[in-house]
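The values are calculated or read from the model by the stated rules, or taken from the named source; none is laboratory data. Predicted, not measured: the structure shown is a model, and the values here were computed from it. Note that each Cβ is placed from the backbone with ideal geometry, even for glycine, and that neighbours are counted across all protein chains shown.
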Amino acid sequence: MHRSFSERQLVALLRQGDEGAFRYLVRRYQKKLYAVAFGITLDREESFDIVQDVFLNVYRKIGRFRQQSSLSTWLHRITVNQCLNRKRRWKRRLRRQHRSIDSPELDPVPLAAPDGSDPETLYNGKLAVQGLWRALRQVPEQARAVFVLKEIQGMSYDEIARDLHIKKGTVSSRLFYVRRRLKAELQAFLEGETGHEE
Amino acid sequence: MKNDHRRCDAEALSRFLDNEGGAQETDRLRRHLETCGACRKRLAKQRLLSRLARKAVAGETARADFERLEAAVVSAVHRQRPYAWQHFTGWIPVKKVSIPLATAVLAGLVYFFVAVQRPGFRAPSAIINSFTGPISSVMIIETPETRQTILWFDENSAATDDDKAV
Ligand SMILES: [Zn+2]
């Protein structure tokens, strides 16, 4: 199953309903799409469902893909739309409420630390990630989407503006807003890491 | 003045970080950063935040079960496409082949029914008579072996009571 395709070949095979090509597509993009979905929803199961829906949509609608943008761009665009337009099902809401009693935050993933780093740094990293999720949760989803597309996807302001149907100036102000919120929430961590200059 | 490089401008700094400020603003900020320690520190913090966000999301992604995701996606696709059809399309992957083949199969079936099955084929050979009254219609059809009478009741007059009941 270690096939490799050019994008054009891949699209052609997907249009024929080739399962191998479809699996290849899933393997190639699922991590990236999940990262975007998680950054926006901050919910593991929901991100999982969204990425699954994205691939199903692609499977159904590949015939409509005109190849004016790259497959990757198209996939990411569908993912962001799905994140922002999704209707939260009551089941998901229930699950979220249930978890909010058990553990108010996502249990943070320890940051990948270089070998030999001291436990204190690891602990601080864990706290920082916790603080990051907390701060991002307080930010409207639309603003979070801008932040994710910039920081995780590395997209330009123009690209973000086009994908989210907002003005370039709005991209700038929303990014600034999110960063300010994060900075306020993570003040202690940032002070510790950047040291005291002047 | 817009070009005042002594003024701290946090939003412009955020654009500077992303290399999105444009030539004039970038130049102004460069000059500002040479003299403003507070903004240099702000910039360092923003860079750290970007790194933290990327690492945190990467950490989340690393723990997700993508084998489960792939299996879920593939099985959902299978549910959309019946198994037999999948094998059929797998066997004949190109429309160039499948359309003429389907046509040939269809032509074969038509020939089979018309030429081979003809003696036993019980299509009506004649409609002998038909009447339509206020309550029902009657049609008498003849096939090679039998003569059949078909009665239709006028459902509109029968259904009116049901409609009222609902
Ligand atoms: Zn300054």
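Residues in the range B:10-30 that are at the interface with another protein chain (Cβ under 10 Å from one of its Cβ atoms) and within 15 Å of the ligand (Cβ to nearest atom): B:A10, B:E11, B:A12, B:L13, B:S14, B:R15, B:L17, B:G21.
Of the residues screened, B:G59 is not one that is more than 9 Å from every other protein chain (Cβ to nearest Cβ), modelled with pLDDT of 85 or more and more than 14 Å from the ligand (Cβ to nearest atom). Residue by residue through the range A:49-66, note down the ones that are in contact with a Ser or Thr (Cβ under 7 Å, 6 or more places away or on another chain) and basic (K, R). Matches in the range A:49-66: none. Suppose we keep only residues that are touching a Phe, Trp or Tyr at 6+ places or on another chain (Cβ under 8 Å) and part of a helix (DSSP H, G or I) within the range A:126-149. Which one would you say is nearest to B:E11 (Cα to Cα)? Of everything passing the filter in the range A:126-149, A:A143 is nearest to B:E11 (Cα to Cα).
Considering A:D115, A:D158, the condition of being in a loop (DSSP other than H, G, I, E, B) and either at pLDDT below 95 or not hydrophobic (A, V, I, L, M, F, W, C) (or both) is satisfied by A:D115 alone. Are any residues in the range A:18-48 in contact (Cβ under 8 Å) with a residue 24 or more places away in the chain and farther than 25 Å from A:G131 by Cα, and if so, which ones? Result: A:F22, A:L25, A:V26, A:Y29, A:Q30.
How about the range B:31-45: which of its residues are buried (at least 18 other Cβ atoms within 10 Å of the Cβ) and at the interface with another protein chain (Cβ under 10 Å from one of its Cβ atoms)? Hits for the range B:31-45 are B:C36, B:R42, B:L43, B:K45. For B:A64, the conditions (1) small (G, A, S); (2) within 13 Å of the ligand (Cβ to nearest atom); (3) within 30 Å of A:R60 (Cβ to Cβ) all hold with the exception of (2). Every condition in (1) modelled with pLDDT of 95 or more; (2) surrounded by 13 or more Cβ atoms within 10 Å (Cβ to Cβ) holds for A:K167 except the one numbered (2).
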